[in-house]
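Participant: My questions all concern the structure below.
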Amino acid sequence: MLSGKKYKAVFSDIDGTILNTSHQVPEKTKEKIIALHDQGIPFVLVSARMPKGMTAIRDELGGKNPMICYSGALVVDEDGKPIYSVALQTEEAKDLCKKIPEIAPDVSVNVYSNDNWMAEDLEEYWVDQEMKITGVQAEKVSFQDEKVMKEVHKILCMGPAESISLLEKKLQALFPGIRIYKSKDTYLEIMSMKASKSDAVHMLEKVFGITREEIAAFGDGHNDIDMIEYAGLGVAMGNASQEVKDAADYVTDVNDREGLRQVLDQVFE
């Protein structure tokens, strides 16, 4: 099934997919992706991350393609300029940032707008940990500042698993028209219901002159499901949840054994 069809582009999640558990791109995976670029096959990064948290990985992989950020809420071109944007409404963002500490005071609240990551306390444990993981510096702001809420692409809540579960349940009841989901037990992602990875992929089809049937897509998380179902070849990582695997055409090996590269080797011999 994997060989025989001709795919012309690859769209891939980052964490848990390209990266191993040490947050690195394995050397053979990197070599394979660079080889794809040399063949004229675009390899596009698709992530819940902000652009700054993706650029270094894209540069390491040797290509300069657009990137899908914030799980589809923002697409930037090869120079980092926005070409597609789906933001939360200003009043929604303000209401969320007010309500979250009331429900779960031990949860860290982070606001992302274009290529800016903003938080009220940069020394807080979760913010400090995220800065170390992503290599991106957060900006200290007040969420009372109107400018901060002008174009919010994502609100990220980080905290203890039980607090995140409580927050998810309460916020989904209070804000049914907003996309609210856990990307892992300790992370809650909040963005516009209109934002999705598959919509952003669809938008880039015209840029690359391809159809959805010619796309191979890889992922491991809940926010990858719509992209996996949309692509001509949707691949779930072996470390994905059963829900993600059920949505895929093919389930590959885990990220620590380069499951993504194993499929690329078969599809692009």
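The values are calculated or read from the model by the stated rules, or taken from the named source; none is laboratory data. Quick caveat: nothing in here was measured; it's all calculated off a predicted structure. Here the Cβ positions follow ideal geometry from the backbone for every residue, glycine too, while neighbour counts run over all protein chains shown. In case anyone asks, the SASA skips ligands and DNA or RNA and just uses the protein heavy atoms, side chains included. Shrake-Rupley method; radii C 1.70, N 1.55, O 1.52, S 1.80 Å.
Participant: Is there any pair with a first residue in region 1-14 that is at pLDDT below 75 and a second that is among the aliphatic types (A, V, I, L, M) whose Cβ atoms are under 7 Å apart and which are 6 or more apart or on different chains, and what are they?
Facilitator: As it stands, the answer is LEU2/VAL263; LEU2/VAL267; SER3/VAL267, since those pairs meet every condition given.
Participant: Working carefully through the options ASP121, ASP145, ASP115, find the one that is in contact with a Pro (Cβ under 6 Å, 6 or more places away or on another chain), of a type outside the set (A, V, I, L, M), open to solvent by 20 Å² or more (accessible area, probe 1.4 Å) and within 22 Å of GLU92 (Cα to Cα).
Facilitator: ASP115 is the lone residue from the list that is in contact with a Pro (Cβ under 6 Å, 6 or more places away or on another chain), of a type outside the set (A, V, I, L, M), open to solvent by 20 Å² or more (accessible area, probe 1.4 Å) and within 22 Å of GLU92 (Cα to Cα).
Participant: Something else: Going residue by residue through region 25-36, is there one that turns out to be assigned to a loop (DSSP other than H, G, I, E, B) and out of contact with any Gly (no Cβ under 8 Å at 6 or more places or on another chain)?
Facilitator: Looking for residues that are assigned to a loop (DSSP other than H, G, I, E, B) and out of contact with any Gly (no Cβ under 8 Å at 6 or more places or on another chain), one finds at least one in region 25-36, hence yes.
Participant: Quick one: how many residues across region 1-20 are more than 16 Å from the chain's Cα centre (by Cα), part of a loop (DSSP other than H, G, I, E, B) and not aromatic (Phe, Trp, Tyr)?
Facilitator: 7
Participant: So in region 54-111, with the set limited to residues that are β-branched (Val, Ile, Thr) and part of a helix (DSSP H, G or I), which one is nearest to GLU31 (Cα to Cα)?
Facilitator: Here the answer is ILE57.
Participant: State which residue is farthest from PRO51 (Cα to Cα) when the search covers only region 131-157 and only residues that are within 16 Å of the chain's Cα centre (by Cα) and at pLDDT 95 or above.
Facilitator: The selected residue is CYS157.
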